[in-house]
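As structure tokens, the structure follows; a few thoughts come after it.
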Amino acid sequence: MLNYLMKRIFELIPTLFGITLISFFIIHLAPGKPTDIFTELNPKITPEAREKLEKYYGLDKSIIEQYGIWLKRIARLDFGESFSSDRRPVMEKIWDKKKPLLERRLFVTFMINLLSLAIILIIAIPVGITSATRRNSLYDKITTVSVFFGFAMPSFWLALLLMILFGVYLHWLPISQLKSINYDSLTAFGKIWDIARHLILPIFVSAFTGLAAESRFMRSSMLEVIRQDYVTVARAKGLPDKLVIYRHALRNALLPIITLMGLSVGGLIGGSVIFENIFGIPGMGQLFYMSVMTRDYPMVMCILTIGALLTLIGNLLADIGYMLADPRIRTG
Amino acid sequence: MGNHNIGEIIWKKFSRNRLATAGGIVVVLLFTIAILAPVLSPYNPDDIDRKHILEPPGLGHPLGTDDLGRDVLSRMIWGSRISLAVGFVAVGISTAIGMLLGALSGYYGGWPDRAIMRFIDIMLSIPTFFLILAVIAFIGPSIWNIMIVIGITSWMGVARLVRAEFLSIKEREYVLAAKAIGANDLRIIFKHIMINSMSPVFVSAILGVAGAVLVESALSFLGIGVQPPTPSWGNILTLGKDNIEIAWWLSIFPGLAILITVLGYNLLGEGLRDALDPRLWDVEL
């Protein structure tokens, strides 16, 4: 098992290399340059000044050279300096060690995605199991219809609807930012409560599509397992239904869910751009949006690479979870 | 079921599935609305009317007006053209790429297969929505760019599907027979194998249209998709967000249109999947 794991981890390296190579070339070969923003605003700019500006950003070298320089730097976890006017190191902008955790963008996005993953697990698995065991009941039909709506629901529209309902009409929940203006004057408990209230809608929106997918998957996986002979045997020897479902069937039915969870990490991260923009949450997605608008290449590359890395880690964890859950792989 | 031809069985199976039929009706309606847009829309979608700004739904404007006094219903009717065009062109591109790479990979095996599979793994690990966003922001948001970029970032599923079909079909006797009588690779790939692997590709293409519609509307909503004044459901929703405290109708109706459209494609695709799968054909038919 350890050998297999080592092999999987080593395989990640060429994949990650390929991802950065493709992303780097696509981004740098797209027509236009980051310096255009300065030069367009100033029609009187001389060709010499333009060249100087390009040199300043390192854009005068060939693209292969630029990629080589970029690779050398990220080997030391240095993603370069942002092209934006503050010229701060990219890593500092996503993970500022001097600031509290909640003001570090990577932490904010990671926390929201982790919480929505947890919510998906907590809700989707029981829903999937119960609609499988009560197949064709009213409950099953209602969840099936909700799942179809869940798949088709544009997440940004769901966000708008929730903002209108809970924010504009009911005034129950705040609809933007991560904390209130008076946050600093709150007690410790008040601070947690304040952040929790700000997080309810974003987490729900980010979990929504996943909820539909996983509960559907859990249902079909469970249906497949309870048809198998060993479940019939367990029933035939008189075991109570609960025991058959939750002890015997569930273990096997969970296996494909583990894989799906791992694969869904990429989609969750992609969704951050949308909900962070709508709810004004200072995370990676919002930063990414601002960075593509200003053609901040180092920032864009950094966020793409981290997003890809998290996706790969998600897949790897799914593999490990699968191995731990399935004795056939664990021992074989 | 010996007396029935295949088309009949598929149609019977499909038309008995009420959800699938509903999905089909939605898609047909959508096409009709898009084609008849000039006839159906009560106003010119671009006509600005400063006297009737942000009017709630009423007799004059059934779905209200936007911040420039333009009729929301007319803009949504014209927006259906965008959604339809982006969906089908993007999926056309992704299906073509996916079929080509999947066929090469499945038919030839060996190093082309390994290279293509590795490429697919890489593409699947890049957060696609991030990449689409970056590329479109850089090359400029036009409807053609959106179609192309969505197309070239969403072919991986089709490629895997076609590869699996090729792997299972290429060893069949009829293919071996065609090879034995000296048919060349091109002929075998397209005439003998591809034709027989079309039904799962067709289903995945219809489901893919749903996905492309969602991505386009999200891009337009974020302001890097279809640019105003061209109406799209996504960019009407942007106005909904900007006027969220005062104009609920700008948020409700375009979103509902997207939801119904995507639901329609999904139901149609799922229904076709069941209808085209011979394993699910009952003997009673």
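The values are calculated or read from the model by the stated rules, or taken from the named source; none is laboratory data. Keep in mind that what you see is a predicted model, and the values were worked out from it rather than measured. Cβ coordinates were reconstructed from backbone atoms using ideal geometry, including for glycine residues, and neighbour counts include every protein chain displayed. Heavy atoms of the whole protein, side chains included, go into the accessibility calculation; ligands, DNA and RNA do not. Shrake-Rupley method; radii C 1.70, N 1.55, O 1.52, S 1.80 Å.
Is at least one residue of the stretch A:73-84 assigned to a loop (DSSP other than H, G, I, E, B), free of Cβ contacts under 8 Å to residues at least 60 places away in the same chain and touching a Pro at 6+ places or on another chain (Cβ under 8 Å)?
The first filter runs over the stretch A:73-84 and keeps only residues assigned to a loop (DSSP other than H, G, I, E, B), leaving A:75-80, A:82-84.
So of that shortlist, the ones also free of Cβ contacts under 8 Å to residues at least 60 places away in the same chain come out as A:75-78.
Checking the rest, the ones that are also touching a Pro at 6+ places or on another chain (Cβ under 8 Å) come to A:78.
Yes, some residue in the stretch A:73-84 is assigned to a loop (DSSP other than H, G, I, E, B), free of Cβ contacts under 8 Å to residues at least 60 places away in the same chain and touching a Pro at 6+ places or on another chain (Cβ under 8 Å).
Pairs, please: C-beta under 8 Å, at least 6 apart or cross-chain, first residue closer than 20 Å to A:Asp140 by Cβ and in the stretch A:218-240, second outside any helix (DSSP H, G or I) and open to solvent by 80 Å² or more (accessible area, probe 1.4 Å)?
A:Leu223/A:Arg135
Which one of these is touching a helix residue (DSSP H, G or I) at 6+ places or on another chain (Cβ under 7 Å), of a type in the set (Asp, Glu) and open to solvent by 70 Å² or more (accessible area, probe 1.4 Å): A:Glu81, A:Glu103?
On inspection, the qualifying residue turns out to be A:Glu81.
Does the stretch B:63-81 contain any residue that is without any contact (Cβ under 8 Å) to a residue 12 or more places away in the chain, outside any loop (DSSP other than H, G, I, E, B) and within 14 Å of chain A (Cβ to nearest Cβ)?
Within the stretch B:63-81 (the criterion being without any contact (Cβ under 8 Å) to a residue 12 or more places away in the chain, outside any loop (DSSP other than H, G, I, E, B) and within 14 Å of chain A (Cβ to nearest Cβ)), the answer is no, since none of the residues qualifies.
Scan the stretch A:134-175 for residues that are open to solvent by 40 Å² or more (accessible area, probe 1.4 Å), touching a helix residue (DSSP H, G or I) at 6+ places or on another chain (Cβ under 6 Å) and more than 10 Å from every other protein chain (Cβ to nearest Cβ) and jot them down.
Within the stretch A:134-175, A:Arg134, A:Trp172 meet the criteria.
Sort out which residues of the stretch B:137-169 are over 19 Å from the mean Cα position of the chain (by Cα), open to solvent by less than 20 Å² (accessible area, probe 1.4 Å) and either away from chain A (no Cβ under 12 Å) or of a type in the set (Val, Ile, Thr) (or both), and write them in order of number.
If the condition is that a residue be over 19 Å from the mean Cα position of the chain (by Cα), open to solvent by less than 20 Å² (accessible area, probe 1.4 Å) and either away from chain A (no Cβ under 12 Å) or of a type in the set (Val, Ile, Thr) (or both), then B:Phe166, B:Ile169 are the ones that fit.
Report yes if B:Leu133 is farther than 30 Å from B:Lys191 by Cβ, in contact (Cβ under 8 Å) with a residue 12 or more places away in the chain and touching a Leu at 6+ places or on another chain (Cβ under 8 Å), otherwise no. Steps first, please.
Working: farther than 30 Å from B:Lys191 by Cβ: yes; in contact (Cβ under 8 Å) with a residue 12 or more places away in the chain: yes; touching a Leu at 6+ places or on another chain (Cβ under 8 Å): yes.
Judged against the criteria, B:Leu133 is a match.
For the stretch B:35-51, which residues satisfy the criterion of being farther than 14 Å from B:Met76 by Cα and open to solvent by less than 70 Å² (accessible area, probe 1.4 Å)?
Selection gives B:Asp49 alone.
Could you tell me whether any residue of the stretch A:314-321 is open to solvent by less than 10 Å² (accessible area, probe 1.4 Å), part of a helix (DSSP H, G or I), acidic (Asp, Glu) and in contact (Cβ under 8 Å) with a residue 60 or more places away in the chain?
no
A:Gly266 - would you say it is touching a Ser or Thr at 6+ places or on another chain (Cβ under 6 Å) and surrounded by 21 or more Cβ atoms within 10 Å (Cβ to Cβ)?
Spelling it out, A:Gly266 is indeed touching a Ser or Thr at 6+ places or on another chain (Cβ under 6 Å) and surrounded by 21 or more Cβ atoms within 10 Å (Cβ to Cβ).
Those residues that are over 17 Å from B:Ile77 (Cα atoms), in contact with a helix residue (DSSP H, G or I) (Cβ under 8 Å, 6 or more places away or on another chain) and acidic (Asp, Glu), I need them from the stretch B:216-252; list them, please.
Correct list: B:Glu245 only.
Listed residues B:Ser105, B:Ser94; which is under 23 Å from B:Thr261 (Cβ atoms), part of a helix (DSSP H, G or I) and touching a residue at least 40 places away in the same chain (Cβ under 8 Å)?
B:Ser94
Restricting to the stretch B:57-88, what's the tally of residues that are acidic (Asp, Glu) and under 24 Å from the mean Cα position of the chain (by Cα)?
Matching residues across the stretch B:57-88 total 0.
Among what's in the stretch B:243-275 and is in a loop (DSSP other than H, G, I, E, B) and open to solvent by less than 20 Å² (accessible area, probe 1.4 Å), pick the residue that is nearest to the other protein chains (Cβ to nearest Cβ).
Ranking the candidates gives B:Ile244 first.
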